[in-house]
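Report on the structure given below.
What follows is calculated from the coordinates using simple rules that are stated; it is not laboratory data. A quick note: this is a predicted structure, and the numbers were derived from the prediction, not measured. For neighbour counting, all protein chains shown are included, and Cβ atoms are generated from backbone atoms with ideal geometry for every residue, glycine included.
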Ligand SMILES: Nc1ncnc2c1ncn2[C@@H]1O[C@H](COP(=O)(O)OP(=O)(O)OP(=O)(O)O)[C@@H](O)[C@H]1O
């Protein structure tokens, strides 16, 4: 059962460079909810996610659309960066340069789950788009938070692998808010679906009450 409110917006409007993108958004997301954000490209999903993330950045494992991976570093180091706040600066420096066995095994376990363990010592610019996306997911998983926010976190993966990893990510976090393009995945794996259209909330449903044809209307005339 969902618990206390974790993220709240009341009549929020928000824009970029004087252009209003989100209009009069009111919503509450509670601890324990798994929420999919759906809607056409440009509807405002990423903007809404970043607004929610700013309410509690330290509590959230964020997997943004622009992965923000550092090509000068290895996959190991990029994933390890997700856990920087868990350890002291000195400990982090040592582990980034010459990983201790325990940390190396921890990061390797995350990479193994994502199917990129053999790429642990490659840099992201030597990886495919789907592999890069898995490194970004690994970095979010290694943050070890109870809340996950993802912006199309499995969009570059093949459908089967994307679904498996989405299931894994949802299992690893108590609360999740994920912008996702696939209405099928949204309806199958999330408790609640919030649809955005033209910067406004078009619908906010419990997944169990929703049929796919209703969800598809979000994309009509977009
Ligand atoms: N940094 C920015 N500066 C200016 N405009 C922006 C910026 N980020 C987004 N926008 C604009 O805000 C609107 C909403 O964009 P947003 O990325 O939130 O939509 P989205 O639903 O996540 O789209 P997509 O599914 O394509 O990722 C778009 O018109 C976009 O051009």
Original post:
In a Debye calculation with equal point scatterers on the alpha-carbon sites of region 89-156 and no solvent, what is log10 I(q)/I(0) at q = 0.20 Å⁻¹?
Top reply: -0.90
Original post:
For the chain, what does -39500 (n - 2.57) per DSSP helix run (n ≥ 4), summed and divided by total residues, give at 222 nm, in deg cm²/dmol to the nearest 500?
Top reply: -10000 deg cm²/dmol
Original post:
Using the count of nearby Cβ atoms within 10 Å as a rough guide to exposure, how do 221, 198 rank from fewest to most?
Top reply: 221, 198
Subject >> Order of 139, 192 - criterion: other Cβ atoms within 10 Å of each residue's Cβ, fewest first >> reply: 192, 139
Original post:
Per the Kirkwood definition applied to all pairs of different Cα atoms, how many angstroms is the hydrodynamic radius of the chain?
Top reply: 18.2 Å
**OP:** With springs only between Cα atoms under 10 Å apart, run a GNM on the chain and tell me which of 133, 161, 19 wobbles the most.
**Re:** 19
**OP:** Restricting things to alpha carbons, find the Rg to Rh ratio for region 53-118 using the Kirkwood radius for Rh.
**Re:** 0.97
**OP:** Can you tell me which of 148-156, 91-99 comes out highest on packing, and rank the rest after it, using the mean Cβ neighbours within 10 Å?
**Re:** 148-156, 91-99
Original post:
What is the fewest-to-most order of 119, 54 by other Cβ atoms lying within 10 Å of their Cβ?
Top reply: 54, 119
Subject >> Helix 101-113 axis, angle to the chain major axis (alpha carbon atoms, nearest 10°) >> reply: 40 degrees
Subject >> Förster-model FRET efficiency, 22 Å R0, residue 167 and residue 125, C-beta, rounded to 0.05 >> reply: 0.15
Subject >> For the chain: relative contact order, % (alpha-carbon pairs under 8 angstrom, 6 or more apart) >> reply: 29 percent
**OP:** Treating the angle as unsigned and between 0 and 90°, give the value, to the nearest 10°, between the Cα long axis of helix 159-172 and the longest Cα principal axis of the chain.
**Re:** 80 degrees
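Take the alpha carbon gyration tensor of region 115-188, find the square roots of its eigenvalues, order them as a ≥ b ≥ c, and report rounded if a/c is under 1.5; if not, report prolate when a/b exceeds b/c, else oblate.
oblate
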Subject >> Cα centroid separation - region 14-46 against region 161-219, whole Å >> reply: 13 Å
Subject >> For region 42-165, diffusion coefficient by Stokes-Einstein and Kirkwood Rh (Cα), 37 °C, 0.692 mPa s, µm²/s >> reply: 221 µm²/s
